[in-house]
Amino acid sequence: MSAHDPNCIFCKIAQGKIPSRKVYEDEDILAFHDINPWAPVHFLMIPKLHIASLAQAEPEHEAVLGRMMVLAPKLALQEGCRPYPEGGFRLQINTGADGRQEVHHMHVHVIGGPRPWAKG
Ligand code: AMP
Ligand code: ZN
């Protein structure tokens, strides 16, 4: 699999070809605000490498996916989620049609902040 899919909107965001409101960036991971937030905190975390969905995750992706899990709580606090246990957040990885995945570049929704939320 190539690192980027030329037709993928999140690959274009990862490469800076489409602008995003960045939350975090390193060599392998980008986090940016969801364009259509449904909670006070709603950002997306992506591997810069094109992985179409979680269903395509392989052992070679374990390191980057693990790093995303460990990074998520830190970025959630930075973006305004209250600390655990009173606060917290929700991670969501929509996968495939039944999972209501719309963008086929694997991404983690990080959702939180004071309720009520528009959904979830
Ligand atoms: P899903 O694939 O169902 O997890 O949904 C894709 C998410 O990406 C939706 O919440 C969209 O609002 C969000 N989204 C789509 N395009 C952009 C963009 N250019 N910048 C930020 N978020 C986006
Ligand atoms: Zn992509």
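What number, in percent, do you get for the relative contact order of the chain if the mean sequence gap of Cα pairs under 8 Å and at least 6 apart is divided by its residue count? Intermediate values should be presented prior to the final figure.
Working: 188 pairs, mean separation 36.2, N = 120.
Relative contact order of the chain: 30 percent.
Could you run the Debye sum over the Cα atoms of the chain, one equal point scatterer each and no solvent, and tell me log10 of I(q)/I(0) at q = 0.17 Å⁻¹, two decimals? For the chain, the Cα-only Debye profile gives -0.85.
The listed peptides 39-52, 16-29, ordered by packing as a protection proxy, come out as 39-52, 16-29 (highest mean of other Cβ atoms within 10 Å first).
Annotation: cysteines of the chain without a disulfide-compatible partner (Cβ-Cβ under 4.7 angstrom) are 81.
Where a number appears in this text, it was derived from the coordinates with a stated rule and is not lab data. Source: prediction; values computed, not measured. Positions of Cβ are backbone-derived with ideal geometry, glycine not excepted, and every protein chain shown enters the neighbour counts.
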